[in-house]
């Protein structure tokens, strides 16, 4: 290959690497990538084919959001050892970002499912659904503990699990079924936080059949709804166990608590269930 073929103008070299020629001028200006030759009369920049590998390395590092200062330092002292170390650090960061984005995708899919559910919801219906296993971070509720202290505990858990945004997790409360059977509809034992990236927690919400119902309005409407749920379960011969899990499913689209919708899910024991009860799938 002769010299004329291996020498590229700035426009040709930029097109070869899929970038703008202004990028090459910028790299020259900041000192990380210079042309092989500058014409002494007209000032035209020329590059050769041997420079392609270095430019591609710089472009890779830029795609990894490495600063120009760090790229410049690497270019001045390139070695296999430094490159391996640099790529290892960046690969770890990329994998962390991928895990984060996968977590966000699961949360957004859950929110989207809630929005779909809202469009077809029957607030009067009580039904049985199949629920998947969920890992929950739980915070004990003390009736004598001020609300601000409970919120502080939740914030501590959010920081502990490095949740960047509040919407990356879903939140709710838990009330013991044993208390419901005694007519105690207001003594909650725990708040919970669910985040897809959390896989090691003290409380595992088991998969299986759950009784599902909804309650619209402020939380003072919940006791009456629980009374209806217990009556339904008794009529159908359904035995409930564990905890009732409450989550708000429309907080993103309402302005007042009168519009608030609480989803209630309660585990059903392994006792026989009447065959006429409809079963449906949920996430």
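The values are calculated or read from the model by the stated rules, or taken from the named source; none is laboratory data. Just so we're clear, the structure is a prediction, and the values are computed from it rather than from any experiment. Every residue, glycine among them, receives a Cβ derived from its backbone with ideal geometry; neighbour counts consider all protein chains shown.
Residues in the stretch 1-33 that are over 42 Å from the mean Cα position of the chain (by Cα), without any contact (Cβ under 8 Å) to a residue 24 or more places away in the chain and not in a helix (DSSP H, G or I): 1 in all.
The set of residues in the stretch 1-21 that are at pLDDT 90 or above and exposed (fewer than 11 other Cβ atoms within 10 Å of the Cβ) contains only 18.
Criterion first (surrounded by 10 or more Cβ atoms within 10 Å (Cβ to Cβ), more than 30 Å from residue 26 (Cα to Cα) and modelled with pLDDT of 85 or more) does residue 71 satisfy it? Criteria not met by residue 71. The number of residues in the stretch 34-47 that are surrounded by fewer than 15 Cβ atoms within 10 Å (Cβ to Cβ), touching a residue at least 24 places away in the same chain (Cβ under 8 Å) and touching a helix residue (DSSP H, G or I) at 6+ places or on another chain (Cβ under 8 Å) comes to 1. Among residues belonging to the stretch 248-258 that are farther than 22 Å from residue 188 by Cβ and touching a helix residue (DSSP H, G or I) at 6+ places or on another chain (Cβ under 9 Å), point out the one that is modelled with the highest pLDDT. Restricting to residues being farther than 22 Å from residue 188 by Cβ and touching a helix residue (DSSP H, G or I) at 6+ places or on another chain (Cβ under 9 Å), the top hit is 253.
Counting only helices (runs of 4 or more DSSP H) wholly contained in the stretch 143-247, the ones carrying 1 or more residues that are at pLDDT below 95 and either surrounded by 17 or more Cβ atoms within 10 Å (Cβ to Cβ) or in contact with a helix residue (DSSP H, G or I) (Cβ under 8 Å, 6 or more places away or on another chain) (or both) occupy 147-160.
Within the stretch 59-115, the set of residues being touching a helix residue (DSSP H, G or I) at 6+ places or on another chain (Cβ under 6 Å) and closer than 29 Å to residue 16 by Cβ comprises 61, 64, 68, 71. For the stretch 118-131, the tally of residues that are out of contact with any helix residue (DSSP H, G or I) (no Cβ under 8 Å at 6 or more places or on another chain), surrounded by 10 or more Cβ atoms within 10 Å (Cβ to Cβ) and either over 30 Å from residue 237 (Cβ atoms) or at pLDDT 90 or above (or both) stands at 7.
Among the residues here, residue 87 qualifies as surrounded by 12 or more Cβ atoms within 10 Å (Cβ to Cβ), without any contact (Cβ under 8 Å) to a residue 12 or more places away in the chain, out of contact with any strand residue (DSSP E or B) (no Cβ under 9 Å at 6 or more places or on another chain) and farther than 19 Å from residue 8 by Cβ. For the stretch 51-60, the criterion of being free of Cβ contacts under 8 Å to residues at least 40 places away in the same chain, farther than 30 Å from residue 215 by Cβ and outside any helix (DSSP H, G or I) is met by no residue.
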